[in-house]
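Report on one structure; see the data block that follows.
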Amino acid sequence: MKELLRQSRAWVPVLKSAALFLLPFPLLIAFFVALIDGDVGRLAAISGAIFAFFGAGVLTWRGLVAQARFFLGQQLDPPTVPLKTVSAILTALGTGLAAAAGGHGLAGVGAFAALAAVGYFCFYGRDPKRKRIDLPEVAGVDRDAVIVQLKQAYGRLQGIEAAARSIAVPEFVERLKRIIGIGRQILAEIERDPRDAARARRFLHLYLDSAEKVTVEYARTHRQIRSRPLEQNFRQLLVDMEQTFEAQHQKLLENDVLTLDVEIEVLNARLKREGIN
């Protein structure tokens, strides 16, 4: 329950999938009317519309769940199949069949279907794009392992970004945006030279994870209480996080790893010790 509350902002859009299950309810009345009248053609069109809306609802729900997990960094990639796009097609098909059952001509059916597809994307948005990571081949580097590390790191940055949306202090949001921006530059540097993954191992495996947890925990507690000492503590952590992110970027450019490892270990220990509780 605590985890659900912590990530509620990312999961709220999933509830919107209920609209597609409610939409065909009026068609049930038309279904029984056509059944009583023995109108086979109209009955088939209405049945097809109901099944199309139901299928769109199921796929939309699955797509929104996967999207929430992807944006929160719990899932490395969005679904391979563009579930929202398939759902939009089914929604357009259901609307067109409902319009045909209502006696509209071909032009009217097409217009209703097109409007339904546009309305779907306006309401639910498009499918999240898969992050393309194309690393060059480098001798002595496990390319697949580095890709997994990068996807996990991008996921942690997404987790920080999602938490930032629920923080009401503009200063903190701006600092987090800068931290995320530097983080993306670091990961882009590793994509250009996969050998940097070894030099940034503590940053990728220890520091990013602790930074995400502290930010998410602060976002949760900040909605419940407003504490000046808590805000000052988090402010200083953000300052240190930004400096460490920037130091990581510079050290990668300079290929200097020893000093940075010490700096990251010290700050990572502090994040764990002084995390928002």
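Remarks
- In nm, spacing of pseudo-spin labels at ALA44 and CYS122 (7 Å Cα→C-beta vector): 3.3 nm
- Reducing region 155-186 and region 17-96 to their Cα centroids gives an inter-centroid distance of 35 Å.
- Stretching ARG143 away from GLN185 to a fully extended chain increases their span by 13.2 nm, per 0.36 nm per residue minus the current alpha-carbon distance.
- Checked against a 21 Å cut-off, the cross-linked pairs LYS16/LYS84; LYS151/LYS213; LYS129/LYS251; LYS16/LYS177 give Cα-Cα distances beyond that limit for LYS129/LYS251; LYS16/LYS177.
- Were the residues from PHE54 through LYS177 laid out at 0.36 nm apart, the gain over their Cα-Cα distance would be 40.3 nm.
- Computed over the alpha-carbon atoms, region 50-136 gives an Rg to Rh ratio of 1.12, Rh here being the Kirkwood radius from the mean inverse distance.
- As a rough guide to protection, the peptides 209-218, 233-242 ranked by mean Cβ packing within 10 Å, highest first, stand as 209-218, 233-242.
- Inter-label distance for GLN250 and VAL169, nm, one decimal - labels placed 7 Å from Cα along Cα-to-Cβ: 2.5 nm
- With the charge dipole of region 120-200 set up from +1 on Lys and Arg Cβ and -1 on Asp and Glu Cβ about the Cα centre, the Cα lying farthest toward the positive end among the listed residues GLN152, PRO194, PRO170 is that of PRO170.
- Rounded FRET efficiency, nearest 0.05, which uses the C-beta distance separating ARG235 from LYS131 and R0 of 22 Å: 0.10
Read the figures in this text as sums done on the coordinates, not as results from a lab. All of these numbers come straight from a predicted model, not from anything done at the bench. Neighbour counts run over all protein chains shown; Cβ positions are idealised from the backbone, glycine included.
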